[in-house]
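Sharing a structure with you now.
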Amino acid sequence: MAKSQVSMTINGKAVDALVEPRTLLVHFLREHLGLTGAHIGCETTHCGACTVDLDDKSVKSCTMFAVQANGANIRTIEGMAAPDGTLHALQEGFRQMHGLQCGFCTPGMILRAYRLLQENKSPTEEEIRYGISGNLCRCTGYQNVVKAIQYAAAKLQGMPFEEAAE
Ligand code: FES
Ligand code: FES
């Protein structure tokens, strides 16, 4: 099959490649670039495990072709920590608040939460739950995922995280 040239920026680095038009973005990330943090849970747009940030939007990378991402600016979980390894506030929050168990949903959950907090620095619990409603987790029951995002929201604003009484 004829291949198409694509150019995009991924985690701050320019990427140029030849891809078949049928290649999904998530397969391009995982198999061509070795960025395996975007997971494949369903390939039918349901689970959110493949979520990445693309041109300031949360995108399920199983739902678009790599050629459609031509020219895009993409962030994946591999680009969340600082170059010196310091975790992003969201990564720290998931660790501190036990926001993961098996971890399969976590990269997509963190990328989705990243965009949520870009759009709303102080989301309510309800807004967080609605914001991550396209990302499924079969392990945690979501409670600690919500706390992890609240932790990160507080940290990003330089405020201490105070857990709500249950
Ligand atoms: S693998 Fe993309 S939404 Fe499930
Ligand atoms: S931590 Fe296992 S699916 Fe979310």
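The values are calculated or read from the model by the stated rules, or taken from the named source; none is laboratory data. Keep in mind that what you see is a predicted model, and the values were worked out from it rather than measured. In this analysis, Cβ positions are derived from the backbone assuming ideal geometry, glycine residues included, and neighbour counts consider all displayed protein chains. Surface accessibility is based on the protein's heavy atoms, side chains included, excluding ligands, DNA and RNA. Shrake-Rupley method; radii C 1.70, N 1.55, O 1.52, S 1.80 Å.
Conditions tested, residue by residue: (1) of a type in the set (Ser, Thr, Tyr); (2) more than 8 Å from ligand 1 (Cβ to nearest atom).
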{"site": "His39", "(1), (2)": "no, no"}
{"site": "Cys42", "(1), (2)": "no, no"}
{"site": "Thr45", "(1), (2)": "yes, no"}
{"site": "Gly48", "(1), (2)": "no, no"}
{"site": "Leu54", "(1), (2)": "no, yes"}
{"site": "Val59", "(1), (2)": "no, yes"}
{"site": "Gln68", "(1), (2)": "no, yes"}
{"site": "Thr76", "(1), (2)": "yes, yes"}
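With the requirement that a residue be surrounded by 17 or more Cβ atoms within 10 Å (Cβ to Cβ), free of Cβ contacts under 8 Å to residues at least 60 places away in the same chain and not aliphatic (A, V, I, L, M), what does the range 139-157 give you?
Thr140, Tyr142, Asn144, Lys147, Gln150
Of everything in the range 27-53, what is in contact with a strand residue (DSSP E or B) (Cβ under 8 Å, 6 or more places away or on another chain), β-branched (Val, Ile, Thr) and surrounded by 15 or more Cβ atoms within 10 Å (Cβ to Cβ)? Give them in sequence order.
Filtering the range 27-53 down to residues in contact with a strand residue (DSSP E or B) (Cβ under 8 Å, 6 or more places away or on another chain) leaves 28-29, 32-33, 35, 38, 43, 45, 48, 50-53.
Imposing the further condition that a residue be β-branched (Val, Ile, Thr) reduces the set to 45, 51-52.
If the condition is that a residue be in contact with a strand residue (DSSP E or B) (Cβ under 8 Å, 6 or more places away or on another chain), β-branched (Val, Ile, Thr) and surrounded by 15 or more Cβ atoms within 10 Å (Cβ to Cβ), then Thr51, Val52 are the ones that fit.
How many residues are under 16 Å from Ala17 (Cβ atoms), open to solvent by 30 Å² or more (accessible area, probe 1.4 Å) and not aliphatic (A, V, I, L, M) when one looks only at the range 54-69?
2
What number of residues within the range 97-138 are within 16 Å of ligand 1 (Cβ to nearest atom), more than 22 Å from Ala164 (Cβ to Cβ) and either part of a loop (DSSP other than H, G, I, E, B) or touching a residue at least 60 places away in the same chain (Cβ under 8 Å) (or both)?
Within the range 97-138, residues that are within 16 Å of ligand 1 (Cβ to nearest atom), more than 22 Å from Ala164 (Cβ to Cβ) and either part of a loop (DSSP other than H, G, I, E, B) or touching a residue at least 60 places away in the same chain (Cβ under 8 Å) (or both) number 11.
Take Asp84 and tell me if it is surrounded by 14 or more Cβ atoms within 10 Å (Cβ to Cβ), of a type in the set (Asp, Glu) and at pLDDT 95 or above.
Numbers: surrounded by 14 or more Cβ atoms within 10 Å (Cβ to Cβ): no; of a type in the set (Asp, Glu): yes; at pLDDT 95 or above: yes.
So Asp84 does not fit the description; no.
Mind counting the residues in the range 49-69 that are in contact with a Cys (Cβ under 7 Å, 6 or more places away or on another chain), in contact (Cβ under 8 Å) with a residue 40 or more places away in the chain and not in a strand (DSSP E or B)?
Taking the range 49-69 first, the residues in contact with a Cys (Cβ under 7 Å, 6 or more places away or on another chain) are 49-50, 60-62.
Cutting the leftovers down to in contact (Cβ under 8 Å) with a residue 40 or more places away in the chain gives us 49-50, 60.
From what is left, the residues that are not in a strand (DSSP E or B) are 49-50.
Going through the range 49-69 one residue at a time, the tally reaches 2.
Same structure again: Here are some conditions: (1) closer than 16 Å to Gly37 by Cα; (2) assigned to a helix (DSSP H, G or I). Leu87 meets all but one. Which one does it not meet?
Going through (1) closer than 16 Å to Gly37 by Cα; (2) assigned to a helix (DSSP H, G or I) one by one, Leu87 breaks only (2).
Same structure, new question: Do we have any residue at all in the range 70-78 that's outside any strand (DSSP E or B), free of Cβ contacts under 8 Å to residues at least 24 places away in the same chain, over 13 Å from the mean Cα position of the chain (by Cα) and exposed (fewer than 15 other Cβ atoms within 10 Å of the Cβ)? Talk me through it step by step, then tell me what you get.
Going through the range 70-78, the residues outside any strand (DSSP E or B) turn out to be 70-72, 76-78.
Remaining after also requiring free of Cβ contacts under 8 Å to residues at least 24 places away in the same chain: none.
So far as the range 70-78 goes, no, none of its residues is outside any strand (DSSP E or B), free of Cβ contacts under 8 Å to residues at least 24 places away in the same chain, over 13 Å from the mean Cα position of the chain (by Cα) and exposed (fewer than 15 other Cβ atoms within 10 Å of the Cβ).
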